[in-house]
Amino acid sequence: MTVSYKRSLITCILFGFLFIFLSVYFYIVGPQAYLDTKIHFVINSIVFVLTFGAFITMLIFTNNKDYVIDERDAYVQRKSYGIGLLVSLIYVFLISIILFMDNRYTGTVNAAWLWFLAYSTFAFSYFITSLVILFYYNRV
Amino acid sequence: MKNKIKLHRNMQELTQEQLAKASGCTRQTINAIEKNKYSPSLELAFTIAKILNVKVDELFILNEN
């Protein structure tokens with residue numbers, strides 16, 4: 001297992017967890033209750049900071065002299081970043097269009113949705129890109 | 001594209017790890033090339049050929065089909 005593969009695996013687990021946590025939490029609480037109570041933002045922010053802290057720690061611990069990025073790593077990452085970006089754009093498009101369809105007659109969208117969309121897109125893009133990297137590593 | 005890297009590597013009594021280190025890539029990349037899962041760049045192909053003391057066209061065979 002190369003360091004690049006190991007990094008992608010840990011990134012996939014961390015941000016996959018974060019994405020699922022944000023989505024499930026937001027689904028259970030609901031947008032209105034989420035906006036009304038400050039504690040939900042605090043809980044989500046703590047989980048976000050912890051996940052990102054674990055990610056930074058992983059980068060520091062895996063940054064040793066054995067870490068070689070060769071042309072195959074570069075090839076896999078180049079292909080995966082393109083696909084990751086495209087899938088993330090599709091994710092944002094789908095959430096936005098669903099919100100539009102649901103709220104087009106009322107004309108307003110709860111602001112909590114924007115918070116969810118911003119942070120979930122962040123987690124989703126990391127998760128999906130590392131997932132595609134793992135897929136390509138198993139293929140080439 | 002097929003290749004004879006494994007054959008020439010064994011003739012030179014080199015491990016994948018040693019060949020990888022000499023050519024500046026990872027052992028996994030050498031393994032992927034040997035299994036025809038990944039086609040190396042020209043630069044890496046020439047480097048491997050030089051280490052194994054063979055010509056590039058002896059090491060890599062273009063699949064006619």
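For residue B:37, the lysines whose Cα comes closer than 16 Å to its Cα, not counting residues fewer than 8 places off in the same chain, are A:79, B:2, B:4, B:6. Scanning chain A for long hydrophobic helices, with DSSP H runs required to stretch 27 angstrom or more by C-alpha along their axis and to average at least 1.6 on the Kyte-Doolittle scale, returns A:3-29, A:38-61.
Shape class of the range A:4-61 from the alpha-carbon gyration tensor: oblate, with a/c at 1.5 or above and b/c at least as large as a/b. Overall shape: rounded for the range B:2-52, with the ratio a/c of the largest to smallest alpha carbon gyration tensor axis below 1.5.
Values in this text are rule-based calculations from the coordinates and carry no lab data. Source: prediction; values computed, not measured.
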